[in-house]
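Everything on this sheet refers to the single structure shown next.
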Amino acid sequence: MKKLLLLGIMFLGMGGVISAADYEVDQKFTSVAELEGKRFVIVNETESKAIYDVNNQNLAYDTYAKAVTGTAYSWVLESLADNADESVKDCYTLRLVKPDGTNHSFWGNSAVYLNSGSPTGFDGLFALANGDQLGTDVKYGGVWEVEYVESKGFTLRNKAIGGYFDGLGHRPSAAEPAYWTFCTLKEKAVEDTEDPGVK
């Protein structure tokens, strides 16, 4: 049995490479208007990393291939144009969605949103229900100013904290904006690596 297993491994080694599926950016969005009703992934193209959910409220920032194995990795932008508070009428919430298109939910919440931590306490990034105050730890902590900058990407500025989301440690308090690609992902085509000399 061991001999057969070793022969099989040797054959695979000569004939090709077996690897996990990899992903790449597919459709890119270049305006807030384009995002209406669409699901998208938040990625840093330079680092080839995406933001995704790993364990209920906890978000991670890792490779595309890792992101698509998470519980949820797509987002839906929701306008606050009808909100009574004038200060957030040009802002948005970002609802987390599972791969089948349904809302990501836990702890009895019907939907969860991108939230900041408290300006005076934990400075992290997570997904939780927004509630009436559109935030969890602090009012408007789940509210974002979203802007597209030509040839750079989207910025996410948190309304409560006043800082930009930079992705490094999931901090929404950066003074300078980081630029994100809002897009869909697709599986990369698998290259045929078979050795033409092996028959």
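The values are calculated or read from the model by the stated rules, or taken from the named source; none is laboratory data. Here the structure is a predicted model, which is why all the values come from computation and not from measurement. Neighbour counts run over all protein chains shown; Cβ positions are idealised from the backbone, glycine included. For accessibility, only protein heavy atoms count, side chains too; no ligands or nucleic acids. Shrake-Rupley method; radii C 1.70, N 1.55, O 1.52, S 1.80 Å.
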Filtered residue count, the range 52-68, keeping only those that are surrounded by fewer than 17 Cβ atoms within 10 Å (Cβ to Cβ) and either polar (S, T, N, Q) or in a loop (DSSP other than H, G, I, E, B) (or both): 4
In the range 95-117, what count of residues is obtained for those that are polar (S, T, N, Q) and under 17 Å from Leu156 (Cα atoms)? 2
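Scan the range 69-87 for residues that are surrounded by fewer than 19 Cβ atoms within 10 Å (Cβ to Cβ), in contact with an Asp or Glu (Cβ under 9 Å, 6 or more places away or on another chain) and modelled with pLDDT of 95 or more and report the count. Spell out the reasoning first.
From the range 69-87, those surrounded by fewer than 19 Cβ atoms within 10 Å (Cβ to Cβ) are 69, 71, 78-79, 81-87; that's our starting set.
Filter again for in contact with an Asp or Glu (Cβ under 9 Å, 6 or more places away or on another chain), leaving 71, 79, 81.
From what's left, modelled with pLDDT of 95 or more: 79, 81.
Number of matching residues: 2.
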Looking for whichever is crowded, with 16+ Cβ neighbours inside 10 Å, modelled with pLDDT of 90 or more, closer than 24 Å to Glu45 by Cα and charged (D, E, K, R) here; the options are Arg157, Arg171. Which one fits? Arg157
For the range 111-120, indicate whether the set of residues that are in contact with a strand residue (DSSP E or B) (Cβ under 6 Å, 6 or more places away or on another chain), modelled with pLDDT of 90 or more, closer than 25 Å to Val54 by Cβ and open to solvent by 20 Å² or more (accessible area, probe 1.4 Å) is non-empty. yes
Scan of the range 69-101 for residues that are under 21 Å from Asn58 (Cβ atoms) and in a strand (DSSP E or B), ordered by number: Ala72, Ser74, Trp75, Val76, Thr93, Leu94, Arg95, Leu96, Val97
Please work out if Thr136 is at pLDDT 95 or above and among the polar types (S, T, N, Q). no
Just checking, does the range 121-141 include any residue being surrounded by 22 or more Cβ atoms within 10 Å (Cβ to Cβ), assigned to a loop (DSSP other than H, G, I, E, B) and charged (D, E, K, R)? no
